[in-house]
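Here is the structure we will look at, set down as structure tokens.
The values are calculated or read from the model by the stated rules, or taken from the named source; none is laboratory data. Computed from a predicted structure; not experimentally measured. FYI the Cβ positions are ideal-geometry reconstructions off the backbone, even for glycines, and counts take in every protein chain you see.
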Amino acid sequence: MKWWQKILLLLSCVIILVISAITIMGYRQYQEAICRVPLKEKIEEIRNRPNFTDYEDISKNLINATIAVEDRRFYHHGGVDYLATTRAILGNLIGQNKSGGSTITQQLGKNLYFGYEPSLIRKVAELFVAEDLERTLTKEEILTLYVNVINYGDNHMGIYDAAYGYFGIAPSQLSLAQASMLAGLPQSPANYQLSDHYDNAKKRQEQVLSAMVKAGYIDEEEKSAALSESIMIP
């Protein structure tokens, strides 16, 4: 065997060992989390909150905008987009510090059990929670829980608080312009919240609307109309 083949073999073994170790530690973190508070209890706790909003009481505009910008393949995967996740993990391993690749289901798992500090071990733990969520719930239930726990900035946790807090209306009444604005905030609430980063949020809204066009939810004319609509904040 040539020297370069030996080096490749050694590197392959090291990579396999590292991935195996991360997977084992991630699984242990997942087990510890669900042992402390079982998934069923977590879900019931959220559903019993006074401001919990059911799927049928959420604007379709908000549903479509969220899927388009966060997880366009949401209805077609089993909770984990393995290609996107692999890219994110490799990015972390080579020092690019990329944290993308998470599906809506994974993000829900993170919000239920884990913190926000980037961690490969935590990301693996999220995968196991995501698989549990997909086995336990329907897609609509997962999406409903997600918009009820996600941070929309300005201390608005969940779509009920965001809709009333920013616009003074129920989640079911959100227009395309309002929904596309809100759907962009969770990516970085502190940098997009409407109280002090409206201009950033407006740029993010255009990205959301473009994603909706690409996903087939709206056309260019609807996008332009939404962008030009004046959004009043009480």
Could you run through the stretch 205-234 and say how many residues are touching a Gly at 6+ places or on another chain (Cβ under 6 Å) and closer than 16 Å to residue 64 by Cβ? 2
The stretch 143-174, residues that are in contact (Cβ under 8 Å) with a residue 24 or more places away in the chain and in contact with a strand residue (DSSP E or B) (Cβ under 9 Å, 6 or more places away or on another chain): 148, 149, 150, 151, 158
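Output the residue which, of all residues in the stretch 69-101 that are at pLDDT 85 or above and part of a loop (DSSP other than H, G, I, E, B), is surrounded by the most Cβ atoms within 10 Å (Cβ to Cβ). Steps first, answer last, please.
Applying the first criterion (at pLDDT 85 or above) to the stretch 69-101 yields 69-79.
The next check asks that each one be part of a loop (DSSP other than H, G, I, E, B); those that pass are 71-73, 77-79.
On the way: 71: 21, 72: 16, 73: 13, 77: 17, 78: 12, 79: 24.
So the residue we want is 79.
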Could you tell me which numbered condition residue 227 fails, if it satisfies all but one of (1) assigned to a loop (DSSP other than H, G, I, E, B); (2) surrounded by fewer than 17 Cβ atoms within 10 Å (Cβ to Cβ)? (1)
